[in-house]
């Protein structure tokens, strides 16, 4: 069963994609530019988007899917609020980048290229982040974590969980104060 906010998000996405498609002619040569535009706007290309593109271009959904999966520039899952990119370039790979990736996957319960069900985290493998002297490297959101060790993975995730809990407590406290003010008026 889908969460209500996800259902409304999908409907909004449908309307936006339909509007976006109206700006493109029905020529097959527009397939990649359309997919790129959708990904730029939504950060990924959903199954719904591919279906709508196929209908607009009057081609099969499998053809759209085949083109989209051929190019590694396209994502098929929504990115998490916190994006984790693990470098597996030569320098990082040689000193255990793959072990760091496996530790993030195990801790979050997802595989590379996936997003946690709550959309909090996504993991992506990247070829090189240009910080070879800091290998192995993980980029978490925009922060570079050099000389990563498997033991640091849990601390990074725990830091986000603690911050999320703190924000939830603050929000609950605000709601309680507003409720008290409303009752006192």
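The values are calculated or read from the model by the stated rules, or taken from the named source; none is laboratory data. Since the model is a prediction, treat every value here as computed from it, not as a measurement. Positions of Cβ are backbone-derived with ideal geometry, glycine not excepted, and every protein chain shown enters the neighbour counts.
Here is how the numbers come out for the structure above:
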| read-out | value |
| --- | --- |
| Top-ranked residue of the stretch 34-67 - restricted to ones that are within 16 Å of the chain's Cα centre (by Cα) and not in a helix (DSSP H, G or I), ranked as surrounded by the fewest Cβ atoms within 10 Å (Cβ to Cβ) | 43 |
| Total residues in the stretch 141-185, condition under 30 Å from residue 99 (Cα atoms) and either outside the structural domain of residue 105 (by TED's automatic domain parsing) or not in a loop (DSSP other than H, G, I, E, B) (or both) | 19 |
| Residues located in the stretch 2-22, provided they are modelled with pLDDT under 90 and part of a loop (DSSP other than H, G, I, E, B) | 2, 3 |
| Within the stretch 68-88, tally of residues that are exposed (fewer than 13 other Cβ atoms within 10 Å of the Cβ) and either touching a residue at least 12 places away in the same chain (Cβ under 8 Å) or not in a helix (DSSP H, G or I) (or both) | 3 |
| Subset of the stretch 90-124 [in contact with a strand residue (DSSP E or B) (Cβ under 8 Å, 6 or more places away or on another chain), surrounded by 14 or more Cβ atoms within 10 Å (Cβ to Cβ) and not in a helix (DSSP H, G or I)] | 110, 112, 114, 115, 116, 120, 121, 122, 123, 124 |
